[in-house]
Structures are given as structure tokens and as C-alpha cells.
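The values are calculated or read from the model by the stated rules, or taken from the named source; none is laboratory data. What you see is a predicted model, and the numbers here were worked out from it, not measured in a lab. All Cβ positions, glycine included, derive from the backbone under ideal geometry; neighbour counts span all protein chains shown. For the accessible areas, the whole protein counts, side chains as well, though only heavy atoms, and no ligand, DNA or RNA atoms are used. Shrake-Rupley method; radii C 1.70, N 1.55, O 1.52, S 1.80 Å.
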Amino acid sequence: MRVAIFTDTFSPDINGVSITLSHFTNYLESQGIVYKVFAPDSRSGEYISEHIRRFKSFSLFLYPECRFAFPNVRSIKAELEAFAPDIIHIATPFNMGLCGLYLSKKLNIPAVGSYHTNFDHYLKFYNLSFLSSSLWKYMQWFHKPLRKLFVPSHETIRQLKRRGFRNTVLCPAGVDCTLYQPGYDQDSTRKKYGLSKRFTLSFVARLAPEKDLHTLMNIASSIPAELNEQIDWIIVGDGPMREELEEKAPSNMKFTGYRTGKDLAELYSISDVFVFPSPTETFGMVVLEALASGTAAVTANSGGVKNIIKSGKTGFTCEPGNVSAFTEAIVHLLKNDHLRKKFQAEARLYALEQSWEVIFEEMLWHYRDATVGNDISKFA
């Protein structure tokens, strides 16, 4: 079996798409499945592999973690013909995705895709809502030829079906519960980041308008003074709003920049509550990572996150942008140790059921199904 993947972001980029693809390609290798990734060049240049073909690129305005590449279609066509993939998986709808879509038609190779990002929801945070109609027309045109469209949450599938998408398949993200777990040395981690208060509240994401960071800052300033004195905030991530946020941040809020691997896992594990007001997520991978780390969550009741959080069991969901509701939920958890610990235990149990391996096994079944009418002998 041979798989070609076209994507506008890949490791070492830090975002849900690249993380998911890294897990997926690792899984393909473990199963002895041959693959080739066509992706933009990396800003860091750290990730080099014979399975990856890189192309010059620059960052996209709305989503810098995705990059606008300049693929050489003629050379890629020759590579694809030599590689002879059984299926093409298109992970993103930009230049690399367009290249994959064109070549799947040109070479008569079955194509499937993924829908990871609600770009339409991003527009209002950049005062570009007038582009919504054109964006949806493009998205419908782009995804219509795909035999399967993998979507990470029931809520996002419902949104797409209302827009006329008919080829959707549920394919949520998993989580590495060995990496993200509550058993790290909390004292050393707290010392490492200079945390001394009784409670730690955390947020992890790109620091950009679509994450509704103004609501996050308003939540931080709305917690009653006597409780606020007992709180340290940890803000993990980077992005265009970081400088503005640091200028306005209260004294008990620390910014760490991007963290990955064990460093990130340790920060989740010392958190009493994970606070996530973003209303634009198709899934919310950072929320699942927090749950795996045994951390209760207070999130926006929006997008894919509402399908992860069991409100009243692993955390609370709040109306997007409702500062009072977020604050009330956080205060309630911090003042009720028994309830918070119960939520933390339930969060870990839920995450343990979200296996990458099971998800990818099902994806391969859909690959096979997508090749009906083509020669599928290589899938045996």
C-alpha cells in the first residue's frame, strides 16, 4: 500500500494539522505502509526525511502555521508517477492541496481529504466577514471531488452538512496518554517556572485573535481579589497577539512561548484548571491533551470542543465570550477541591479511551473503501 499526502503544514510546525500528520506517518511506518509527504519547507529546517518533499513557501496571513508553497507541478507529477500511490490524502486546501487535487484528477488516483480548520469563523476576528460567501464557495468546490472528507467532530460535520457537504466521515484526534499524564514531578516543574501560588490556571494555543484572547484576559481580571491572590496563570504559545497580551497581563500571568513534548506535558500536569475560550475549533486537541494530563477544563461551548468536554463531569462549557460564566465556573472549581479532583479523574479516564491507533485503523478502512472501482489488490 502506498500513500501520498499533500499538506500546507508539517512537522516541526506546531498546530493540530501537523501534529496529527506526524502521528499518522509514524503509524504508517509502524504498519510497514509506504508514504510520501509533499509539504512546504520548514522555517526551522529541523525535520528532514526521505519520505518528505519540501517546497519554498511563505506564511499565510490568517494562519501562519500553514504556509503558501510554490510547488513544481511538473516535477511532482513525475515523482507521483514513479511513486505510484494507491491513494492521495489532501490535508489542507491551499497550494499544496490544490496541487494534490489537480494531480489526483490528472493521474486518476483516488483522493480523500481532511477538514481541520474553520477558516470561515476566523474571518470575523480579522474584520473580513465580507469574504465568507466566497470562502465557502471555494471550500465546496475544493472538497467536492474527494471520495472521503475526514472531519474531527460531530459538530463540525453538522456545520458542513448545512453547507451542502455530503462526503464527510468522523475522524477525531487521539492523544498520547503516556506523554500527557498527571504523574510528573509537580514541585520541580513549579519551581522551573517560578510558580508559588496555591492554584495554577493554564491556556495553550496560538496567541491570535481567533482564540478569543480578549475574553481570556477579561476572565483573569474578573476573578475575585481574595482568590486571585492564590492563582498563577500560565500562557503557553506564541503568535501575533503576544506582545499586546504581555503588556496588559496581570502580574500573576506568565508567558512561556511555545512548548512541546515533555515540557508541554509537565505544564498541563501542574494545572488545576485548563481555561480555553476559543470558539473556532473544529476539534480542540489542546483540550484533549489537558484532559489526558488529569486537568479539569473550562471551555467555550462551541465547535468541536463541545464534543470533547462532558460538562459537569470533566469540566464546564460556557457560552462563548461570556466572561461571567467562565469566571463563575473557574471559581466554583477552585473552591471545591472534591469536585475538581473528581473532574480531573474523569478527564483522565475519558482521554485513555481516545487512541490514535484505533482512529488510524479506521482511516485505513476508509482508504480501502475510497478505492472501490480502482485496483485495490495492493491494500491486502
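Points worth noting:
- Test: S30 is open to solvent by less than 50 Å² (accessible area, probe 1.4 Å) and either out of contact with any Pro (no Cβ under 6 Å at 6 or more places or on another chain) or modelled with pLDDT of 90 or more (or both): no
- The condition of being of a type in the set (A, V, I, L, M, F, W, C), surrounded by fewer than 21 Cβ atoms within 10 Å (Cβ to Cβ) and under 23 Å from the mean Cα position of the chain (by Cα) holds for only one of F255, F283, F276, that being F255.
- Selection count where residues are exposed (fewer than 14 other Cβ atoms within 10 Å of the Cβ) and either under 21 Å from T295 (Cβ atoms) or touching a residue at least 24 places away in the same chain (Cβ under 8 Å) (or both), scope the stretch 222-247: 4
- Members of the stretch 34-51 that are of a type in the set (V, I, T), surrounded by fewer than 18 Cβ atoms within 10 Å (Cβ to Cβ) and modelled with pLDDT of 75 or more: V34
- Considering T189, T256, the condition of being in contact (Cβ under 8 Å) with a residue 60 or more places away in the chain, among the β-branched types (V, I, T) and under 25 Å from P279 (Cβ atoms) is satisfied by T256 alone.
- Number of the exception - A345 against (1) under 18 Å from R2 (Cβ atoms); (2) touching a residue at least 12 places away in the same chain (Cβ under 8 Å): (1)
- Condition check for S153: in contact with a Leu (Cβ under 9 Å, 6 or more places away or on another chain), modelled with pLDDT under 90 and of a type outside the set (F, W, Y): no
- Restricting K161, K144 to residues that are within 23 Å of N307 (Cβ to Cβ) and among the basic types (K, R) narrows the list to K161.
- All positions within the stretch 218-249 that are part of a helix (DSSP H, G or I) and over 20 Å from G315 (Cβ atoms): S221, A225, E226, N228, R242, E243, E244, L245, E246, E247, K248
- Selection status of H121, of a type outside the set (V, I, T), touching a Ser or Thr at 6+ places or on another chain (Cβ under 6 Å) and open to solvent by 10 Å² or more (accessible area, probe 1.4 Å): yes
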